[in-house]
1. Tally the residues that are in contact with a helix residue (DSSP H, G or I) (Cβ under 6 Å, 6 or more places away or on another chain) and open to solvent by 50 Å² or more (accessible area, probe 1.4 Å), restricting the search to segment 36-54.
2. Looking at segment 87-101, I want the residues that are part of a loop (DSSP other than H, G, I, E, B) and have a partner that is surrounded by 13 or more Cβ atoms within 10 Å (Cβ to Cβ) and not basic (Lys, Arg) with Cβ atoms under 8 Å, at least 6 apart or on another chain. Which pairs are those?
3. Search segment 89-117 for residues being at pLDDT below 95 and among the aromatic types (Phe, Trp, Tyr), and hand back the single one that is surrounded by the fewest Cβ atoms within 10 Å (Cβ to Cβ).
4. Residues being under 26 Å from ARG79 (Cα atoms) and either assigned to a helix (DSSP H, G or I) or touching a strand residue (DSSP E or B) at 6+ places or on another chain (Cβ under 9 Å) (or both): count how many of those fall in segment 1-51.
5. From the set of residues in segment 56-77 that are open to solvent by 50 Å² or more (accessible area, probe 1.4 Å) and either not aliphatic (A, V, I, L, M) or not in a helix (DSSP H, G or I) (or both), which is farthest from VAL107 (Cα to Cα)?
Amino acid sequence: MGKSSATSKDAQALFHSLRSAYAATPTNLKIIDLYVMFAVATALIQVVYVAIVGSFPFNSFLSGVLSCVGTAVLAVCLRIQVNKENKEFKDLPPERAFADFVLCNLVLHLVIMNFLG
């Protein structure tokens, strides 16, 4: 019984430290995090829909899921480049990182539209 109590306290301490560290995160990074969560949630909803209803136009399902996952990956790359604490991209201006994000998203969605037929 003492072991589960210690585990519970450790978990609570971990969640408290994560919450306090995330509270110090800049707002622009939080917005990007919200966008990533939205893209992943949309992909999960599509997977659940296909599991329930079926995947008749399979290329449409693949296009939708790959679009969501690709967008989430590109947003994570944007978050890494925009983060001020990341010293690897210190010389890269945020405007350039956003322009790269938009251009890569455009290419991704052109490929997705081509895959749809």
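The values are calculated or read from the model by the stated rules, or taken from the named source; none is laboratory data. The structure displayed is predicted, hence computed values, not measured ones. As a convention, Cβ positions derive from the backbone with ideal geometry for all residues, glycine included, and neighbour counts pool all protein chains shown. SASA here: full protein model, heavy atoms, side chains in, ligands and nucleic acids out. Shrake-Rupley method; radii C 1.70, N 1.55, O 1.52, S 1.80 Å.
1. Residues in segment 36-54 being in contact with a helix residue (DSSP H, G or I) (Cβ under 6 Å, 6 or more places away or on another chain) and open to solvent by 50 Å² or more (accessible area, probe 1.4 Å): 2 in total.
2. Correct list of pairs: LEU92/GLN81.
3. Residue satisfying both the conditions and the ranking: PHE115.
4. So the count comes out to 31.
5. PHE56
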